[in-house]
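Below you'll find the structure, written out as structure tokens, and then a few comments.
The values are calculated or read from the model by the stated rules, or taken from the named source; none is laboratory data. Keep in mind it's a predicted model, so treat the numbers as computed, not measured. Every residue, glycine among them, receives a Cβ derived from its backbone with ideal geometry; neighbour counts consider all protein chains shown.
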Amino acid sequence: MTGAPAMLDNKLVKWVDQRLPIFTMMQHSAIDYPTPKNLSYWWNFGSLAGFMLVVMIVSGVFLAMHYTPHVDYAFASVERIMRDVNYGWLIRYIHMNGASMFFIAVYIHLFRGMYYGSYKAPRELLWWLGIVILLLMMATAFMGYVLPWGQMSFWGATVITNLFSAIPFVGNWIVTLLWGGFSVDNPTLNRFYSLHYLLPFVIVGVVGAHIWALHTTKSNNPLGIDIKGPQDTIPFHPYYTAKDMFGVGVFMVVYALFVFFAPNLLGDPANYIPANPLQTPAHIVPEWYFLPYYAILRATPDNFIGSWMGFTLVPAKLAGVILMFGSILLLFVLPWLDTSRVRSARFRPIYKWVFWLFVICCAALTWAGSQPPEGPALWVARLGTFYYFFHLIVLMPLIGWFERPLALPKSIAEPVLSGGKA
Amino acid sequence: MADTAKPGHPGGAHDDSNRRDFLFMLTGAAGAVGVASVAWPFIHFMNPSADVLALSSTEVNIEPIKVGQSITVVWRGKPVFIRRRTSEEIKQAADVNIKSLRDPQPDSARVKKPEWLILVGICTHLGCVPLGQKLGDPRGDFSGWFCPCHGSHYDTSGRVRLGPAPANLAVPPYAFLTDTTVKIG
């Protein structure tokens, strides 16, 4: 299967390739690329995320042709896309629900990495680049949500930019800088539009580095053991191209269900009310993919740290902001917080269960973030926030230390060839 | 897969490869139809939208226009020339030997009422707006319009007489709603 690319038989292809080896590169990275033969469907979500990135860029570039980034026209231009522009409703719903589908793919991809220890050596940089992509996605999604200039756009933008005012000394200066004025207004909308168009292409660049790092260290696999030789791998094409394409097909069925039958299910109806800087909606919530962070942000009690000593060391507002950003930044050190040398949770009898507690914790935080911060929801948010950090900072190092992992198979090929009984 | 390729398997390897070719082409065809059906909404998205099409007719009150006077109105974002021709201009337009024209057309085919000449004011060469609407404008060698971009001359019927333009100034669809109101588009 490996060796000189078959397509080099073509004279034109050969001519180009000798001067710019793009065909050789394609052959190596998309056709011959040796992939572990035991990858499960959990390994589809990387390519699905890549597929969604393309869908978002294409639909976004088209929407930009009819969108007007001005406070007086933005809302109307989006409604015009919905009513007057040919298939505008379709392309806007593709873009709107595409954001959710992108986050679904990326979150599953991320949890898969956590379950199978894909962040561990030698894949730390691969993991880091993934977190950078997540952060860029969050910034892009947030600014994109502001563009329709509905009530949630406006007040979401106001609340999130005000987070930066919690930074001591320079906070208010930074917020004014972000706004380009003294409130979220036309300059804010214009710069968000500019950045919303730019950042996806930055993501493309980081995705390139992510894939480069992946192809250097090779894919992890459900057993979490290294590739020992050619008997452990199969070429990427046709095996995983076919499998990924099948995954895209199934994923698109779900995507199409949202686009055609429940296009506004994941959105907030308040965003169909034009932005009104003089009136805040009664209950502000971000899109679902931001809810866990939102729950963490609102979970801190007054005078969180130091209150029992009678003074305020860190005000609740700042503590919330620190915890919210920390919840993601902490993932950067996950490769070192996890002290276990075994990658796959399949061979880690304790972590295997504790991992699901973390998933449940994230789901609970998502629910808590959707509720007003009072009563049981507030306590779920507080417990969830506590567990989130407890899990990463305390449990991950501790379990790796005292857990006795099961015996690892000798190679990927061995259990495959023995029918999975090894 | 390994089983079906075994020699001696009922049907043999030959039938199996036919089946695979068929499935491969069927999948490819379904994929092509899928891509095309997604591509069309994106292409059509760039076509004029309903609100743009809704602006595709313009009503003009022509009552204030004096004989010999011209006005320019906007229709679909383009200038439309409305000239109330003098009897001299009408005669000049009618007396031309049609066979000598680059784009042969009698004046009668270009107007509904001889007094009113209505044209899309865009030079058929490369889309500039010809001069000749205002009093001081150069009107070219044939008393009609003169395009300053590349020097095309149009006569009092808006027909090209000289210069690089390949065709006469276009006549937009229009109708006289009343004696004093014309609807363009």
Legend entry - Which numbered condition A:A368 fails, given (1) surrounded by 20 or more Cβ atoms within 10 Å (Cβ to Cβ); (2) part of a loop (DSSP other than H, G, I, E, B): (2)
Legend entry - Test result for A:G98, over 23 Å from A:I234 (Cα atoms) and assigned by TED's automatic domain parsing to the domain that holds A:G247: yes
Legend entry - Which listed residue is outside any loop (DSSP other than H, G, I, E, B) and at pLDDT below 90, from A:K317, A:K352: A:K317
Inset, instruction - Please tell me if A:V55 is in a helix (DSSP H, G or I) and either under 21 Å from the mean Cα position of the chain (by Cα) or not charged (D, E, K, R) (or both). - result: yes
Inset, instruction - Evaluate the following for A:A299: is it buried (at least 21 other Cβ atoms within 10 Å of the Cβ), at pLDDT below 95 and not assigned by TED's automatic domain parsing to the domain that holds A:T161? - result: yes
Inset, instruction - Scan region A:70-122 for residues that are outside any helix (DSSP H, G or I) and within 30 Å of A:G400 (Cβ to Cβ) and report the count. - result: 7
Inset, instruction - Consider A:Y41 carefully, then state whether it is surrounded by 14 or more Cβ atoms within 10 Å (Cβ to Cβ) and either more than 14 Å from every other protein chain (Cβ to nearest Cβ) or over 18 Å from A:I108 (Cα atoms) (or both). - result: no
Legend entry - Filter pass, A:G208 being within 24 Å of the chain's Cα centre (by Cα), within 26 Å of A:V285 (Cβ to Cβ) and either of a type outside the set (V, I, T) or not in a helix (DSSP H, G or I) (or both): no
Legend entry - Residue satisfying condition, being at pLDDT 95 or above and facing chain B (nearest Cβ under 10 Å), within set A:Y87, A:Y73: A:Y87
Inset, instruction - Look at region A:99-153 and say how many of its residues are among the small types (G, A, S), more than 12 Å from the chain's Cα centre (by Cα) and surrounded by fewer than 21 Cβ atoms within 10 Å (Cβ to Cβ). - result: 1
Legend entry - Cross-chain or 6+ apart pairs with Cβ under 9 Å, region A:223-244 first and not assigned by TED's automatic domain parsing to the domain that holds A:P122, then loosely packed, with under 14 Cβ neighbours inside 10 Å and of a type in the set (D, E, K, R): none
